[in-house]
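Values in this text are rule-based calculations from the coordinates and carry no lab data. Just so we're clear, the structure is a prediction, and the values are computed from it rather than from any experiment. Neighbour counts run over all protein chains shown; Cβ positions are idealised from the backbone, glycine included.
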Amino acid sequence: MAMTAQLKLDDKEYSLPVIVGTEGEKALDTRKLRADTGYIAYDQGYGNTGSCESAITYLDGENGILRHRGYPIEQLAQHSNFVETAYLVIYGELPTVEQRKVFSGRLRQHAAIEPQMQAIFQGYPKDAPPMAMLSSIVASLAAHYPQLATNDFEKDLANFDLAAAMAISKIRTIGAMLYRYQNGLPYVPPKDIPFCDNLLHMMFSELYQDYVVAPEVTRALNTLLLLHADHEQNCSTSTVRMVGSSAANLFTSLSAGICALSGPLHGGANTAVMHMLQSIHDEHDDGTRFIAAAKSGSKSSRLMGFGHAVYKNFDPRAKIIGQACDDVLTKLGINDPLLAIAKNLEQAALKDDYFLSRKLYPNVDFYSGIIMRALGIPVNMFTIIFAIGRAPGWIANWREVAANPKGRIYRPRQVYAGPVKRDYRPIAQRG
Ligand code: CMC
């Protein structure tokens, strides 16, 4: 028998259906709450609101579990790579040899940025914030490829395979171009090589001399991107779904996701972590001052890279990335003082009651910056790398919205807390 929950309001009883997910997650179905009772559910920040049913990623924050399409993140990080995981996240199954060949082929075929699009870069100052540039250049894909971005779900889904591959590949190329542009270097066209090697090649090769990529560098970049591939209904992914729910095309929706990711509490946190570690290093502090400031409760002095909106145990990605960080630094023979500071900070915070009682543990961003630094990626590119990694998750979520025949436009309600009705007074009477 279907489960229900009883709700008593103003002496009347209502029955709310219960939805149970495939992993046993339970939700009260409040879709008819307002129509039946006149009440809405209040949930500032949506922390208790299931905004959709999704078959992409399962996340259990209390137990530190993350699975894509059923596969544990630990297994994917160990055995898969970014491109294969991207396929899994988007299409729901690990690819066959043939599917993998076709998908990789599309990524390689659509990696280049046409001269007309290259010209867009010239319109920005050299020191423009990279995420602002990325979001607007990705939005411009809808203008450059209008046949793939019609704002008609049926037509856009018919072209989805091409648009998705283009988006993943070109966001990566645009990211590399941003780096070159900001450093006054010319565009390096992509080569017919694997995804991560190509990113490093486009960033670091000189026009006539190829950057030789060490295998451990490619592996570390693959792990980093793979760990970011999707993360359920976070701020940027929900933004992509929300924009997509208006039938906006894939590229436009991705651009909105990039804007959401740019904030320091979301994708910008990896940059903030590096600034924090660098300040500790420059001040010859052991982190005590930062920990004390973080405990003040002020949002502006939080310990960056700590805490998570849903992980209240540990972030499984942080464990993998902490290990990957150690591995790549050892293999490359790098002795980064910031790694020692990060480890000290982690140890100190994990012994401190303030952090323990609030269940604040390191998140994925705590160590990702140190890896990127070891790969030669500058701090202002960190969130761009996060965006390249997250593209498959955004794309998969957009597709779920577009393909849902019963989908509605996202339109939350609010509890109005402003002035009650009052009458307009002409300016002369307002004093
Ligand atoms: N340092 C110090 N105190 C913190 C921190 C922190 N990093 N994070 C949360 N708190 C405190 C907060 O002040 C509050 O204390 P109190 O109960 O006394 O008011 C309590 O912990 C709960 O905080 P919250 O704001 O309710 O937590 P949240 O779940 O809404 O916020 C967060 C999650 C990630 C925005 C927050 O932990 C934070 O700002 N962390 C630092 C930024 C960061 O590392 N962000 C990257 C997140 S991982 C990347 C991703 O997946 O997007």
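Compactness of the chain is given as radius of gyration and Dmax, 23.3, 79 Å, from Cα positions.
Cut-off is 10 Å between beta-carbons; in what order do TYR211, TYR367 appear when sorted fewest neighbours first?
TYR211, TYR367
Long hydrophobic helices in the chain: the complete DSSP H runs spanning 30 Å or more by Cα along their own axis with mean Kyte-Doolittle hydropathy of at least -0.5 are 160-182, 382-403. Note on region 4-50: Cα convex hull, mean projected area over all directions, 3.7 nm². Cross-link reach is defined here as a Cα-Cα straight distance under 30 Å, omitting same-chain residues fewer than 8 places apart; for LYS26 the lysines meeting it are LYS8, LYS12, LYS312, LYS319, LYS359, LYS406. Model label points for TYR211 and LYS155, set 7 angstrom from Cα along the Cα-to-Cβ axis, are 3.9 nm apart. For region 254-378, count all C-alpha to C-alpha pairs, find those more than 22 Å apart, and express that count as a whole percent of the total. Here the long-distance tail beyond 22 Å is 33 percent of all Cα pairs in region 254-378. By the count of neighbouring beta-carbon atoms within 10 Å, fewest first, ILE291, ILE320 end up ordered ILE291, ILE320. Based on Cα contacts under 8 Å between residues 6+ apart, the chain shows a relative contact order of 20 percent.
Does region 73-264 classify as rounded, prolate or oblate by the C-alpha gyration tensor (a ≥ b ≥ c root eigenvalues; a/c under 1.5 gives rounded; else a/b over b/c gives prolate, otherwise oblate)? Note, shape of region 73-264 comes out rounded.
The count of lysine pairs in region 73-264 with alpha-carbon distances below 24 Å, taking only pairs 8 or more places apart or on different chains, stands at 5.
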